[in-house]
1. So, R0 is 25 Å and r is the distance between the beta-carbons of Arg212 and Ala108; what FRET efficiency does that work out to, to 0.05?
2. Where the only charges are on Cβ atoms (+1 Lys, Arg; -1 Asp, Glu), what is the dipole of the chain about its Cα centre, to the nearest 20 debye?
3. Could you give the alpha-carbon Rg of segment 1-148 over 2.2 N^0.38 Å, rounded to two decimals?
4. Using a Förster radius of 45 Å, what is the FRET efficiency between Ala84 and Ala220 based on their Cβ-Cβ separation? Nearest 0.05, please.
5. Using r as the Cβ-Cβ distance of Asp172 and Leu34, and R0 as 45 Å, what FRET efficiency do you calculate, to the nearest 0.05?
6. Treating only the Cβ atoms of Lys and Arg (+1) and Asp and Glu (-1) as charged, compute the dipole magnitude of segment 10-117 about its Cα centre; round to the nearest 20 debye.
7. Just to be sure I understand: of the beta bridges DSSP finds with both ends in segment 7-220, what percent are antiparallel, rounded to 5?
8. What percentage of the solvent-accessible surface of segment 7-220, computed with a 1.4 Å probe over protein heavy atoms, is contributed by carbon and sulfur atoms?
Amino acid sequence: MLPRDDIETVGDFSITTVVVAPPWYENCYLVKHLPTGRQLVIDPGGDAEVVLAALEANGGNVTEILLTHGHPDHLGAVHELQTALGIGCRAHQEERPIIDGVANWAGALMQRRIRGPESVVYFTDEPTLSFEGFEVEVLFTPGHTPGGVCYVFDGFAFTGDTLFNQGVGRTDLPGGDGRTLSLSISRLLKGLNPKIRLYSGHGPSWTAAEARPWWERAAAYGYF
Ligand SMILES: [Zn+2]
Ligand SMILES: [Zn+2]
């Protein structure tokens, strides 16, 4: 198994981290709502067979894929998961150009062939996504990409490549913008309960209480 493969429980959910293969070491998360057995997959970036095995080991019904953004290292396994499980995939409308171009990106950036998603349902603004027994809030956090979002559950959130444990996403790729990312992070952290645990696209998790003072210092020193 790859470097980190943790299962944690937060409230009514179990969160499994599957770290996909080098060079990106992207975190794919399996979120299982324990009372109903429903599972969501956040950012299946690669290693479809490993992700499928982890979903199988978890048991329950795999319901849907949610994408924080459309970079190849976050959606490289979407097509295979959709083929194997017949599930849908959601992302923000503003991310559509990135997702539509993902196969070209993967070739140029990763010298790797991937197939784009079979299908994507695009949402606009900041919807609340309803699943049987629970809801997920969407926060629109552009900057790393034009349509990046964070998914906020009861007690934890997925911040993609918007915010890492003591780091932020790069803004030099097409559609990236440093000032926009800075505003998104400030708004994200302002709105979150300090106790909430933040799971990012790469590296370890931390809490909003840890992230806020770090971000204030980073912003004060002119991070951007
Ligand atoms: Zn990214
Ligand atoms: Zn990434």
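1. Step by step, r from the Cβ atoms, then E = 0.10.
2. 500 debye
3. Normalised Rg, Cα atoms only: 0.99.
4. 0.40
5. Working from the Cβ atoms, E equals 0.65.
6. 120 debye
7. 65 percent
8. Taking all protein chains in place, segment 7-220 shows 49 percent carbon and sulfur surface.
The values are calculated or read from the model by the stated rules, or taken from the named source; none is laboratory data. All of these numbers come straight from a predicted model, not from anything done at the bench. Methodologically, a virtual Cβ is constructed for each residue, glycine included, from the backbone with ideal geometry; neighbour enumeration extends over all protein chains shown. Areas reflect the complete protein model, heavy atoms only, side chains present, ligands, DNA and RNA absent. Shrake-Rupley method; radii C 1.70, N 1.55, O 1.52, S 1.80 Å.
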